[in-house]
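See structure below.
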Amino acid sequence: MSETSPHNNLRIFLAGGVTGGASTPLFAVASELEKLAPGSQFLFVGTSSPLDRKLARDNGVTFGTLPIAKLPRYVSLQTVLLPFTFTWALCKSFYLIWKYRPHLVFGVGGFTQVPLGFAAFCFKIPIVVHQQDVKVSLSNVLLRPIARKITVSFENSLKDFNGGLFLKDLQGKQPGVWTGNPVRRKILGGSKAEAVQYFKLDEAFPTLLVFGGGSGAAAINEVVWEQLPELTRYFNVIHATGYGKLKNVEGKRYHGYEFISRMDLAYAVADMVVSRAGMSAISELSLLGKFAIIVPLPGTHQEYNAGLLHLAKAAAVVDQEDFRELALAEFLRHMLHKPDVLKLYSQHIHTIIPKDADKKIAHIIYELLIKHD
């Protein structure tokens, strides 16, 4: 297919975008692939959002964009325009593949992977996709028949990919592999002492870390701001609001940011966490064994992720409406006085997802490319 061997200079498309949490597994795997094949080149194919551009820049990779050809939940103008949007995304995918000649396309269930995956299939370029969430994404269902490998975060998800006559006819074997969810390694090894200095924290108080993913979570933000006087009476609060959502809020122990660039330090110093139920956040909390209050985004795949955590007693799961009514500071103080319960939650979340998924998936991709060569 190309003039260079995949053994040396890999060229891989990373299909993601829209939210940072949905894309971080791409860069975690890319980092491990770089170790297996030094000199590899990556093109992050996302959307035109500023967050996607920042992700590409921060990770030092080339950036390309595709139109968002997403099936809307409700009938709208977007529904009428979808065939045209998808056709344009498919044409641009063909152009990107012709221009860069990738050896493989790796996606994690985002909108961009479908047209890119179909175009890659036409060029006989192998496709690997990762299923992050408990509930299977439509984009992964659409690529299932043509994907060479499908890695999954949860063992129970294998049933959604290993089986079906159509799948076996196209691929000749079952492609699903249970790996866990890739986590960015840079969140590890943070120093609590350095974090205290970096965030200017009061060491006499425990620290609460609050975030809602790269795009933020307005409902969580509002609860924090409304209850800030009580929260900062007992806690340092490190709060990532999301891009464009930061308010000029003052508080003696409140530290608000649109985006926290040093999450390794934030995690190192956090005694408790409030988060959405995106898989990247859950995977990081699992790796670090952090106690968390999980507030899933209503009506989304996050409710399935949160349901699994609730059944495993791996986190305190609170739906959004109940979270609005929760006396957060009082609840957190109550939990602090139950160290045995906190320890149990930490142990359960730490064991719920297999570790080293980034290395496992990188090896799967590398071995696939060696065979494909």
Q | Compactness of the stretch 185-351 as Cα Rg over 2.2 N^0.38 Å, two decimals | A | 0.94
Q: In a Gaussian network model over the chain where Cα atoms closer than 10 Å are linked, find which of ALA277, ALA292, ALA195 has the largest mean-square fluctuation.
A: ALA195
Q: Among DSSP beta bridges whose residues both lie in the stretch 166-300, state the antiparallel percentage, nearest 5.
A: 0
Q. So, counting K/R as plus one and D/E as minus one, what does the shell of residues with Cβ under 15 Å around HIS363 add up to?
A. +2
Q: At a temperature of 25 °C and a viscosity of 0.890 mPa s, determine how fast the stretch 259-348 diffuses translationally according to Stokes-Einstein, using the Kirkwood radius over alpha-carbon pairs as Rh; express D in µm²/s, rounded to the nearest whole number.
A: 182
Q: Would you be so kind as to identify which of ILE97, MET335, SER139 lies farthest towards the positive end of the dipole of the chain, taking Lys and Arg as +1 and Asp and Glu as -1 on Cβ and the Cα centre as origin?
A: ILE97
Q: Quick one: P(r) of the chain from all Cα-Cα pairs, 20 Å bins, percents rounded to integers, in order of increasing distance.
A: 28, 55, 16, 0
Q) Percent antiparallel among DSSP beta bridges with both residues in the chain, to the nearest 5? A) 0
Q: Can you grab the distance from the C-alpha centre of the stretch 184-252 to the C-alpha centre of the stretch 85-115, Å, no decimals?
A: 37
Q) Nearest-5 percent of antiparallel DSSP beta bridges in the stretch 228-317? A) 0
**Q.** Candidate aspartates and glutamates for bridging to LYS192, where Cα separation is under 19 Å - those fewer than 8 sequence places away on the same chain excluded
**A.** ASP202, GLU203, ASP264, ASP271, GLU284
Q.
I'd like the GluC sites (Glu not before Pro) in the stretch 212-284 restricted to DSSP loop residues with at most 16 other Cβ atoms within 10 Å, sorted by number.
A. GLU250, GLU258
Q: Give LYS54/LYS290; LYS290/LYS359; LYS338/LYS359; LYS54/LYS99 a once-over and call out the pairs whose C-alpha atoms are over 32 Å from each other.
A: LYS338/LYS359
Q) Pick from HIS350, HIS337, HIS103: which residue has the top mean-square fluctuation in a GNM of the chain where Cα pairs under 10 Å get a spring? A) HIS337
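No lab work stands behind these numbers, since they all come straight from the coordinates. Computed from a predicted structure; not experimentally measured. Heads up, the Cβs are rebuilt from the backbone with ideal geometry, glycines too, and the neighbour counts pull from every protein chain shown.
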